[in-house]
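I have placed the structure first, in the form of structure tokens, so that the comments after it can refer back to it.
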Amino acid sequence: MAALALGGSIGGKVQAEVVEVDTWEQLDQLGEAGKLKGKIAFYNRPMDATKIRTFEAYGGCVDQRVGGASRASKYGAVAVLVRSMTLRLDDFPHTGTMHYDSAYSLIPAAAISTIAAEALSQILREEGSAKVSIQLNCKTLPDVLSYNVIGEIRGREKPNDIILVGGHLDSWDVGHGAHDDGAGVVQSMDVLRLLKTLGYRPRHTIRCVLFMNEENGLRGGKAYAKEAERKGEFPLASIESDAGGFTPRGFSFEGDEAVFGKFFEKLTTFESHFTPYDLKFRKGGSGADISPLRGMKGLLSGYSPDSQRYFDYHHAESDTFDKVNKRELELGTASMAALVYLIDKYGL
Ligand SMILES: [Zn+2]
């Protein structure tokens with residue numbers, strides 16, 4: 001089976017019977033009946049293909065990956081296998097973060113490809129049982145010091161009011177992390193390059209932040225927010241690109257209701273600037289790295305490209321540079337630059 005350890009899993013060697021689990025109710029029923037003791041729990045709830053926005057489908061099943069190990073360990077399971085979070089049927093396992101509940105013993109946890117998950121499920125249906133051997137060599141090493149990378153064009157009127165564009169530098173160790181989040185990193189740097197090339201002198205400071213360690217605990221995002229607070233900066237608007245380098249669809253916005261209401265009204269007068277891009281604006285979550293800025297009452301925005309292919313590559317070996325379409329990436333950069341320009345010029 002094509003398999004990949006989950007981020008944070010302990011290593012280990014296990015051979016045991018597999019029990020398929022599709023819902024938490026089923027897990028509890030099986031567990032309370034003693035049927036998970038000494039077994040490998042196999043979480044096989046797929047992403048819901050009826051959700052048009054794939055991030056909603058991801059949100060609907062990622063709980064299996066994040067919390068599945070300890071929830072199964074509670075009932076005596078010895079390891080877990082998790083169906084990869086993708087709508088594609090292929091042979092790439094997709095990893096991602098997981099957390100242990102220290103109340104239960106730590107057990108190895110791995111993702112398997114959707115093809116492997118379908119095959120394993122079929123064997124269980126047809127044969128009634130299956131035994132699997134797992135050997136994970138992963139380990140968590142001690143933390144080392146690393147850094148966010150920051151560049152800015154200083155504002156000429158309100159240098160302490162920051163318009164941030166950002167993405168994250170780290171990625172999972174398989175693939176290149178091209179869409180997650182090489183694309184966001186390139187776009188964020190390119191927004192500043194575009195404005196600089198135009199000779200634009202901003203009113204507010206326009207800052208590119210390449211966050212470190214989004215995937216494994218949001219350290220860079222948290223450290224950035226702490227520093228911003230310490231320096232007494234105001235995060236006027238923060239725009240994160242961490243949903244892939246695909247064709248732009250729009251932006252989602254969250255923020256203080258007073259700021260937000262006014263800004264949204266203004267956005268409708270801006271709409272003609274975005275007409276060639278066919279962009280839509282909506283209320284909704286922004287991004288992980290800028291979420292620690294929430295308490296500082298600025299506007300937070302997430303760049304929302306087309307989401308249909310993001311989870312084809314997300315956290316998998318297939319997330320490589322050749323999967324990024326240059327033109328789609330540049331259209332996204334241009335729409336981010338347009339938003340930054342309008343906020344800088346007209347405020348919120
Ligand atoms: Zn990411």
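The values are calculated or read from the model by the stated rules, or taken from the named source; none is laboratory data. What you see is a predicted model, and the numbers here were worked out from it, not measured in a lab. Cβ atoms come from the backbone with ideal geometry, glycine included; neighbour counts cover every protein chain shown. Surface accessibility is based on the protein's heavy atoms, side chains included, excluding ligands, DNA and RNA. Shrake-Rupley method; radii C 1.70, N 1.55, O 1.52, S 1.80 Å.
For the range 337-343, putting each phi into the Karplus relation 6.51 cos²θ - 1.76 cosθ + 1.60 with θ = phi - 60° gives couplings of 5, 4, 5, 4, 4, 5, 5 Hz, in residue order, rounded to whole numbers and with x for Gly and Pro. When the alpha carbon gyration tensor of the range 3-136 is reduced to an equivalent ellipsoid, its three semi-axes come out at 21, 17, 15 angstrom, largest first. So for the chain, what percent of the C-alpha to C-alpha distances run longer than 27 Å? So the pairs more than 27 Å apart make up 50 percent of the total in the chain. Expressed as a whole percent, the accessible area of the chain that falls on carbon and sulfur atoms is 53 (1.4 Å probe). Taking every DSSP bridge with both residues inside the chain, close to 40 percent are antiparallel.
Where both bridge residues fall in the range 1-135, DSSP classifies roughly 40% of the beta bridges as antiparallel.
Computed from backbone phi with θ = phi - 60° and the Karplus coefficients 6.51, -1.76 and 1.60, the 3J(HN,Hα) list for the range 177-185 is x, 5, 7, 10, 9, x, 4, x, 5 Hz; x is used for glycine and proline.
Spatially, the range 158-206 and the range 276-332 are offset by 12 Å when compared through their Cα centroids. In order along the range 246-256, the Karplus-derived 3J(HN,Hα) couplings, from 6.51 cos²θ - 1.76 cosθ + 1.60 at θ = phi - 60°, round to 8, 3, x, 10, x, 9, 9, 10, 9, x, 4 Hz, and Gly and Pro are given as x. Ordered from largest to smallest accessible area (heavy atoms of protein chains, 1.4 Å probe), the residues 341, 75 come out as 341, 75. Accessible area per residue was computed with a 1.4 Å probe on protein heavy atoms; residue 1 scores about 120 Å². Here the chain is treated with +1 on each Lys and Arg Cβ and -1 on each Asp and Glu Cβ, and its dipole about the Cα centre works out to around 840 debye.
Largest accessible area first, the listed residues 100, 346 line up as 346, 100 when surface is computed with a 1.4 Å probe on the assembled protein chains. Residue 286: net charge of surrounding residues, Cβ under 12 Å, Lys/Arg +1, Asp/Glu -1, itself excluded? Net local charge, residue 286 excluded: -1. Heavy-atom accessible surface of the range 3-136, averaged per residue, reaches 46 Å², computed with a 1.4 Å probe.
Heavy-atom accessible area, probed at 1.4 angstrom with all protein chains present, ranks 180, 63 as 63, 180, highest first. Helix 114-127 and the longest principal axis of the C-alpha atoms of the chain enclose an angle of approximately 20°.
In the chain, the longest principal axis of the Cα atoms and the axis of helix 257-274 are about 80 degrees apart. Against the chain, whose longest principal axis comes from its Cα atoms, helix 219-230 is set at around 40 degrees. Protection proxy ranking of 7-14, 309-316, 266-273, 322-329, by the mean of other Cβ atoms within 10 Å over each peptide's residues and highest first, is 309-316, 7-14, 322-329, 266-273. Protein heavy-atom accessible surface, 1.4 Å probe, per residue over the range 149-346: 44 Å². The dipole here belongs to the range 149-346: it is taken about the Cα centre, uses +1 on the Cβ of Lys and Arg and -1 on the Cβ of Asp and Glu, and is about 960 debye.
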